[in-house]
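Please read the structure below before turning to the comments.
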Amino acid sequence: LAAAGGLSGRGQFIMSGPLMNAAVLETVAQPLVVRQVDRPAARDDELLVKVGATAALPHQKLVFSGMGPFVLPELPAQVGWDAVGEVVEIGTGVSGFATGDRVFVLPIVCCGNCDACRRGAPLLCDRYMLLGGFGLSAQSRELQARHRSGGFAEFMAVPAVNAVRLPDLLDDADA
């Protein structure tokens with residue numbers, strides 16, 4: 001592991017609370033670095049998921065290279081999307097989930113307030129982003145600053161609306 005340190009919401013290294021391992025994008029077009037970072041906690045509208053598996057997708061290399069239309073989060077950033085795992089903590093404003101539930105994390109996050117979101121077209125949202133990934137415009141940075149967890153980590157804090165319960169017959173790798 002590289003030197004221990006946690007990531008604050010501003011990308012600064014801090015030490016506090018329980019730690020976990022996470023793959024961090026520190027520099028555009030450079031390999032991910034495994035670091036010990038602060039384990040997130042579930043906010044009121046979130047779940048804390050113990051990650052069981054995360055997809056390694058071919059286009060991630062392009063995204064992390066800085067090429068293309070992608071807006072990367074402030075670096076250093078925890079990355080990785082299309083994660084599955086087990087709910088270990090539930091925010092106070094969340095219902096419908098229990099600790100131990102296995103979930104797939106839908107990576108798409110939208111603002112919910114713009115014209116596109118209100119029309120039911122969240123993929124056209126100006127603030128559209130992928131959890132643990134990228135945005136498509138400079139306005140994505142607002143959501144990226146709030147949602148700093150990525151799936152290439154031991155734990156990931158996710159909006160409860162992005163969690164889909166998995167059937168027991170589907171294991172993490174297949175999900």
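The values are calculated or read from the model by the stated rules, or taken from the named source; none is laboratory data. A quick note: this is a predicted structure, and the numbers were derived from the prediction, not measured. Note: ideal-geometry Cβ built from the backbone for every residue, glycine included; neighbour counts use all protein chains shown. The accessibility values were calculated without ligands, DNA or RNA, using every heavy atom of the protein model including side chains. Shrake-Rupley method; radii C 1.70, N 1.55, O 1.52, S 1.80 Å.
List of remarks:
- The HN-Hα couplings worked out from phi for region 155-169 by the Karplus form 6.51 cos²θ - 1.76 cosθ + 1.60 (θ = phi - 60°) are 9, 9, 8, 9, x, 4, 5, 9, 9, 10, 5, 9, x, 4, 6 Hz, whole numbers, x standing for Gly and Pro.
- Residue-wise HN-Hα couplings along region 42-56, as the Karplus relation 6.51 cos²θ - 1.76 cosθ + 1.60 with θ = phi - 60° gives them from phi, are 6, 6, 3, 9, 10, 10, 9, 10, 7, 6, x, 7, 9, 5, 9 Hz; Gly and Pro carry x.
- Magnitude of the charge dipole, region 32-72, Cβ model with Lys/Arg +1 and Asp/Glu -1, debye to 20: 240
- Net +/- balance of residues flanking Gly100 in space, Cβ distance below 12 Å, scoring K and R +1, D and E -1: -1
- Among the protein heavy atoms of the chain, carbon and sulfur supply 55% of the accessible surface, probe 1.4 Å, non-protein parts ignored.
- For region 114-128, 3J(HN,Hα) per residue [Karplus equation, 6.51 cos²θ - 1.76 cosθ + 1.60, θ = phi - 60°, Hz, x = Gly/Pro]: 6, 4, 4, 5, 5, 7, x, 10, x, 5, 9, 4, 5, 9, 2
- Under a 5 Å amide H cut-off, with hydrogens placed 1.01 Å from N, Ala157 pairs with Val49, Ser149 among residues at least 5 apart or on other chains.
- Placing +1 on the Cβ of every Lys and Arg and -1 on the Cβ of every Asp and Glu, with no other charges, gives region 46-175 a dipole of roughly 460 debye about its Cα centre.
- Helical runs (DSSP H, four residues minimum) scored at -39500 (n - 2.57) apiece and divided by the length of the chain put the mean residue ellipticity at 222 nm at -2000 deg cm²/dmol.
- Three-way shape call for region 42-90 based on the alpha-carbon gyration tensor, with the a/c threshold at 1.5: oblate
- For Val34, neighbours were defined as the other residues whose beta-carbon sits under 13 Å from its Cβ, and their charges (Lys and Arg +1, Asp and Glu -1) total -1.
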